[in-house]
Amino acid sequence: MSFERVQEKLNILADAAKYDVSCSSSGSNRTNTNKGLGNASASGICHTYTEDGRCVSLLKILLTNHCIFDCAYCVTRKSNDIKRAAFKVQEVVDLTINFYRRNYIEGLFLSSGIFKSADYTMERLVAVAKKLRLEENFNGYIHLKSIPGASDELMREAGLYADRLSVNIEIPTEKGLKLLAPDKNRADFIKPMIKVKNEIIQYKKEKKLIKSTPKYAPGGQSTQMIVGASGENDMQIMYTSNYFYKNFNLKRVYYSGYVPISYDTRLPQIGTPVPMLRENRLYQTDWLLRFYGFNIEEILNEKHQHLDLDIDPKLGWALRNLHEYPIDVNKADKHMLARIPGLGMKSVYKILKARRYRELNWDHLKAIGVSLNRAQYFLICASNKFESRDLTAEKIKGLILQNSTSKYTSMLSNQLNLFG
Amino acid sequence: METTLVYDASFDGFLTAVFTAFEMKLKTVKIVPKQRFQQPLFGDSETVYTNQEKANRVWAGLKKKLSTDEARRFYYAFLSEKTSVEDTLYNAIVYVFAATTNVGSNYTNKYILEIAKLTKNVGREKHRMEAFVRFKLTKDGIYFANIEPDFNVLPLIKRHFEKRYADQKWLIYDLKRKYGIYYDLEKVAIITLELGADFDPTKTSAAIFAEVELEFQQLWNNYFKSTNIASRKNMKLHIQHVPKRYWKYLSEKSVV
């Protein structure tokens, strides 16, 4: 392995892969067999964090940034004038093993630009995973990208070696896709997803009958959407996301605020700030759907096509539905408790446990860790002190914002800054 | 009158001390590890000699009274090495043994709550060490790492590394507590090292480490830089996740 050459390739191909947000190494519990190398920890481990605060858990690289497609939003698009490079299969294997042995990483996340054809590319990705598993006896985490348009046979093989497979749909709407990536179509993205979904179901079923059935993509599937590149609204993004969760049993949908990388007039110009706050609100909504029992229609609908930027989506829902409140924390069931703004699921479970021993009052709630600044207007507890004024939604929002600080405050302020 | 029991700083030693306190029916007890012991002005002191059998009896008693997880917390809290954590543990043990039902999760008891908090701190440090250990390959083919964790977590991370790196020799050394764990492809043993005065744990000296070692560190540092998105810079979050006190042994954070 020539050190200089590999170093140059690593710089180019890690830089090109960084816009993929997913870095999770959790959800798989592959054990170390036959005194081999590595295992996958079910909770995942973040070995370090970059200066942008994102976790580094996997060696995230492209096999190559040569690409036959010309998607406007992508750094590796054909028409972009950048340095191109390609790893050899053995180089990726060596890097992964040596990084892993030094406890730098949990495993490999391998993606790629599409060269020659979808199948040709997918075959190379599978070859890396296969080599790691069979020749190096590597049991760490492997995340492979499913290349849109890859054949069913390759996808089946990929799942046998990888812990997670993902296809990035990138653009939430078909219209946006037509505009920004005219030579791609939605069906190509969906085809490998369906195959993997069906295989996962199939293997799980067989596993129940025959213990020795091999694992098939135990970490499931995920996808990613770019936010703020093609002018879509929050409702379109979240409905697409919901559709994918429901129909393809996805483990995760990631939202990636668009980082401007091109002077293409169809896209936000270089220098436009990354929509991080919006990205944050989308993730909050995603959590409300997956863990808090909310329905997508409750949060986003024809009347409310955008999420509020100044308040979180749960508070937003609460303010639109004041008739549901106040909720009695000593009586309400789990689903209603989860709807109190300022209460996370951890607090909800603590409350459910604690109230078996005694009725809870404000002090108990505070000790448990409830954010009372938001919660106080929406609940009653074992105390005769509670919000008795008949406040309007506007008024409550004002009171809450007055008493809270956010790192995004400067972004929200629409007052003129005299000296800035 | 208060009696001070001095033990050898091991967990079994502490449990033996608890046994002794019960056996002697002592009313007020202080349990102190020998390195923290100072002859008290008033009151007696007594040295406790670790006795495996006595320790096992106390531990078995705790396990009978508590769930597995609750008993484990006593061990975790002990490893925090906080000043007078022994007294917190002793008081909690008295409370647990006196109760007729399982009170291991009754957080209204201040000792139980304190133990839960310490467990959380120690658990976090354990997880950090599983992430922040950086092995360097020596000339003898051993993957070596030095750490200085806030708490004594080597006994807790042993299993993780044993399971994961089953096909390579490795050694994790705690510079603060001056002992390490060494895996020789068969089993993990506790060892102590004579590190020469000229050994600099933040450097990768060519005399000790393999030739390729620096190359891989450089590749890793390069990767770390390339994978960062500059326009999303957020140093506050970065430092929250990787506190500065850990930087000196993380090759990607220390300037080579």
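Applying the criteria of a DSSP loop state and at most 10 other Cβ atoms within 10 Å to the chymotrypsin sites (Phe, Trp or Tyr not before Pro) of the range A:333-367 yields A:Tyr357. Largest GNM mean-square fluctuation across B:Val58, B:Val94, B:Val133, computed for chain B with C-alpha springs under 10 Å, falls on B:Val94. The gain in end-to-end length when the A:Leu399 to A:Lys116 segment is fully stretched comes to 96.0 nm, 0.36 nm per residue minus the alpha carbon separation.
Relative contact order, whole percent, for the range A:3-224 stands at 20, derived from Cα pairs under 8 Å and 6 or more residues apart.
Relative to the dominant Cα principal axis of chain A, helix A:89-101 is inclined by about 50°.
Of the trypsin sites (Lys or Arg not before Pro) in the range A:187-279, the ones in a loop by DSSP (not H, G, I, E or B) with at most 12 other beta carbons within 10 Å are A:Lys211. Annotation for B:Ile190 and A:Tyr243: the two label points, set 7 Å from Cα along the Cα-Cβ direction, are 6.1 nm apart. Here the relative contact order of chain B, from alpha carbon pairs under 8 Å that lie six or more residues apart, stands at 13 percent. Look at where the Cα atoms of the range A:156-203 and of the range B:137-154 average out, and the two centres are 42 Å apart. Computed from backbone phi, the HN-Hα couplings of the range B:139-147 come to 4, 7, x, 9, 7, 10, 9, 10, 9 Hz, rounded to whole numbers (Karplus: 6.51 cos²θ - 1.76 cosθ + 1.60, θ = phi - 60°; Gly and Pro given as x).
For the range A:106-180, the relative contact order is 32 percent, taking Cα pairs closer than 8 Å that sit 6 or more residues apart in sequence and dividing their mean separation by the residue count.
Can you tell me the FRET efficiency between A:Asn198 and A:Asn34 if r is taken as the Cβ-Cβ distance and R0 is 30 Å, rounded to the nearest 0.05? With R0 = 30 Å, the Cβ-Cβ based efficiency is 0.45. Express in whole angstrom the spacing between the alpha-carbon centres of the range B:13-36 and the range B:215-244. Answer, in whole Å: 48. Spacing of the modelled spin labels on B:Thr100 and B:Asn51, each 7 Å from Cα toward Cβ, amounts to 3.1 nm.
Dividing the helix sum by the residues of chain A, where each DSSP H run of 4 or more adds -39500 (n - 2.57), gives a mean residue ellipticity at 222 nm of -11500 deg cm²/dmol.
Taking chain B as a Gaussian network of alpha-carbon nodes connected by springs under 10 Å, the highest mean-square fluctuation of the residues B:Ile229, B:Ile208, B:Ile191 belongs to B:Ile229.
For the range B:154-256, trypsin sites (Lys or Arg not before Pro) meeting the loop criterion (DSSP other than H, G, I, E, B) and having at most 10 other Cβ atoms within 10 Å: B:Lys178, B:Lys187. For the pair A:Ala42 and A:Glu135, label points projected 7 Å from Cα toward Cβ lie 3.4 nm apart. Distance from the alpha carbon centroid of the range A:310-371 to that of the range B:49-94 works out to 35 angstrom. Springs join every pair of Cα atoms under 10 Å in this Gaussian network model of chain B, and among B:Leu156, B:Leu118, B:Leu26 the largest mean-square fluctuation is at B:Leu26. Compute the angle between helix A:186-209 and the longest alpha-carbon principal axis of chain A, please, reported from 0 to 90 degrees and rounded to the nearest 10. Around 90 degrees separate the two axes.
Here r is the Cβ-Cβ distance between A:Arg266 and A:Asp188 and R0 is 30 Å; the resulting FRET efficiency, rounded to 0.05, is 0.90.
If you take the beta carbon distance between A:Gln7 and A:Ser212 as r and set R0 to 51 Å, what does 1/(1 + (r/R0)^6) give as a FRET efficiency, to the nearest 0.05? Efficiency computed from Cβ-Cβ geometry: 0.75.
Just so you know, all these numbers are worked out from the coordinates, no wet-lab data involved. Predicted model only: the values in this text are computed from it and were never measured. For neighbour counting, all protein chains shown are included, and Cβ atoms are generated from backbone atoms with ideal geometry for every residue, glycine included.
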